[in-house]
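Here's the structure, in structure tokens; my notes come after.
Every read-out reported here was derived from the displayed coordinates using simple, explicitly stated rules and does not represent laboratory data. Because the structure is a prediction, the values reported are computed rather than measured. For neighbour counting, all protein chains shown are included, and Cβ atoms are generated from backbone atoms with ideal geometry for every residue, glycine included.
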Amino acid sequence: MIQPVRRSKLSEAVVEQLKELIQSGVYPPGTKLPPEKELAKQFGVSRASVREALSVLASAGIIDVRQGEGSFVLEADLSRYIPPVAVSMIAFPKQILHLLEMRSILETSAAELAAQRAGEPEVAEIEKAMQGYLNELRAGRVGDAGDLQFHQAVAKATGNPILVELMARVSDLIREGMRCTLGPNQGNFKRMREVFDEHDRIYQAIRERRPEEARAAMAFHLGKVREKVEQEMKEAGR
């Protein structure tokens, strides 16, 4: 059911509601969406906000806007429901929370499995990623490259090729999310050290084959990131 929008970022709210309606089957693939004027009335926003929202959905490959014909829902595809990085992380910061939720679902289990299955080569690869991450921090960089390498190494250590492939497919999205969450830490050496220590606890639990602790350490790490993002959004009034 469409609800009038009462949020400050109107186009973002329209995007989210339309995506929910599409994903829930209210507007299945091939369906023509209502005209801009009708959507604006239903959502309680201007036609400009609706037009901007439709442009975002078209850029994400979720709908096809045909000149003179209208907007049509495209066939479902996982990649289409992962918004372009620039749109997702810059225009709509709330998407970072969606990304962290997805990562929590996948990576807590990945850490647990890695602690059960990782051999010496896999553990060495995680350790190498840790060193790369530390080198980035010492060089004054954000650390997103080493951070991503670490999490991909943990996924690889599960021995599950589908999980590895999935992580690879969303790596650009994850890395951009890392830039957004790690960036504010630059100059805050206390927080930078805390984040590194969170990774080290995950690594140590995997190396010492403690699955439950590895899972808990990953959950704690991603939870801390989420808390920081929510705090920053609250302070920014988003």
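Some observations on this one:
- Computed from backbone phi, the HN-Hα couplings of the range 54-59 come to 5, 5, 5, 5, 5, 5 Hz, rounded to whole numbers (Karplus: 6.51 cos²θ - 1.76 cosθ + 1.60, θ = phi - 60°; Gly and Pro given as x).
- Span from the the range 139-175 Cα centroid across to the the range 41-66 one, whole angstrom: 33 Å
- Against the main long axis of the alpha-carbon atoms of the chain, helix 144-156 sits at an angle near 80°.
- Average Cα contact separation per residue, the chain, under 8 Å, 6 or more apart, as relative contact order %: 18 percent
- For the peptides 103-116, 26-39, 125-138, the ranking by packing is 103-116, 125-138, 26-39, with the highest mean count of neighbouring Cβ atoms within 10 Å listed first.
- Among the listed pairs LYS94/LYS128; LYS190/LYS228; LYS19/LYS228; LYS128/LYS156, those whose Cα-Cα separation exceeds 21 Å are LYS94/LYS128; LYS19/LYS228.
- For the chain, the dipole from Cβ point charges (+1 on Lys and Arg, -1 on Asp and Glu) about the Cα centre works out to 680 debye, to the nearest 20.
- Helix axis angle, 120-138 relative to the chain longest principal axis, alpha carbon, degrees: 70 degrees
- Each other residue within a Cβ distance under 15 Å of PRO34 adds +1 if Lys or Arg and -1 if Asp or Glu, for a net charge of +3.
- Of ALA157, THR181, ALA124, farthest towards positive along the dipole that unit charges on Lys, Arg, Asp, Glu beta carbons give the chain: THR181
- CD proxy at 222 nm, helix term only [per DSSP H run n ≥ 4: -39500 (n - 2.57); per residue of the chain; nearest 500]: -22000 deg cm²/dmol
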